1. Could you work out the percent of alpha carbon pairs in segment 1-154 separated by over 24 Å, rounded to a whole number?
2. Applying the Karplus parametrisation 6.51 cos²θ - 1.76 cosθ + 1.60 with θ = phi - 60° to the phi angles of segment 82-90, what ³J(HN,Hα) value in whole Hz is obtained for each residue in order, glycine and proline being reported as x?
3. Spelling out what I want: for every residue of segment 131-141, take phi, set θ = phi - 60°, compute 6.51 cos²θ - 1.76 cosθ + 1.60 (Karplus), and round to whole Hz; glycine and proline get x.
4. Could you work out the local net charge near F38, counting Lys and Arg as +1, Asp and Glu as -1, over the other residues with Cβ closer than 13 Å to its Cβ?
Amino acid sequence: MAASFLADRRIVAGLLVNLFSSICIVFINKWIYVHYGFPNMTLTLVHFVVTWLGLYFCQKMDVFAPKSLPIRRIVWLALSFCGFVAFTNLSLQNNSIGTYQLAKAMTTPVIILIQTTYYKKTFSTKIKLTLVPITLGVILNSYYDVRFNLLGIVFASLGVLVTSLYQVWVGAKQHELQVNSMQLLYYQAPLSSAFLLCIVPLFEPLTGPGGIFGPWSLPALMTVLFSGVVAFLVNLSIYWIIGNTSPVTYNMFGHFKFCITLVGGYLLFHDPLSLNQALGILCTLAGILSYTHFKLMEQEEGKSRLAQRP
């Protein structure tokens, strides 16, 4: 009983860290794009490097013990990590926060599609039906967004696809390689950094205004560095939650961040909101709440069946 209570407390703590860091990183990154024009892929690279440095100091303080992993076994995970962060940042840069946040709600339907198709997992009809209002609401909001642009929607769609693959693979790799979240991320973060380091000079200028090496003001550099620290907390908590629960549970919890981020976007960045967008948001919220309700019911029914077994 004590061990179960301690495990529950750890899961709650991990969820809270992810809640605050995930909301914070959205607003910080949007502020960096709007007020400083910092290049997207370079910002992603900063996040990866700070994440690896954070893990390096953690293992030096004996927070975890590194485990030797074959690089070839995590190459695709490292590449998907690059795409996951880069495409979601590009979506944030090119869309309003509302459209960016609603597009992320499509991660749950895509994860269910991937797990059904490739991992032969089954989901109830009730769960599948809740994906209809979620998808419809996202489409409504995106189509009627007054700041709608095709490039932003392309980045959002790619972000959803790669993020879904990434989240499924994280859970699978942790079980396959028998490693915890820190051990896996410790090897994967520098590998992702190396991939991005080779790509960044091909897409972003190295010098001059908007270039990697500036000139940048001290406030801009400090904000970027702080963004990297928050990104470290986001990445670590994502790995920890998925490794200790499941990708679907992580996204189910992610819906609680949905409304907070939306409201913050309208208040801080004055994102416009049309009536049709509001209907889209309500439709998505209805689907999210229904999904959460049915998922919790299924989990309780599963616990009851296990308890009744002799």
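1. Percentage above 24 Å: 54.
2. 4, x, 4, 6, 5, 5, 5, 5, 5
3. Running phi through 6.51 cos²θ - 1.76 cosθ + 1.60 with θ = phi - 60° gives 6, 5, x, 4, 5, 4, x, 5, 5, 4, 4 Hz.
4. Net charge around F38: 0.
None of the figures in this text is laboratory data; all of them are computed from the coordinates on show. Please read these numbers as outputs of a predicted model, since none were measured by experiment. Neighbour counts run over all protein chains shown; Cβ positions are idealised from the backbone, glycine included.
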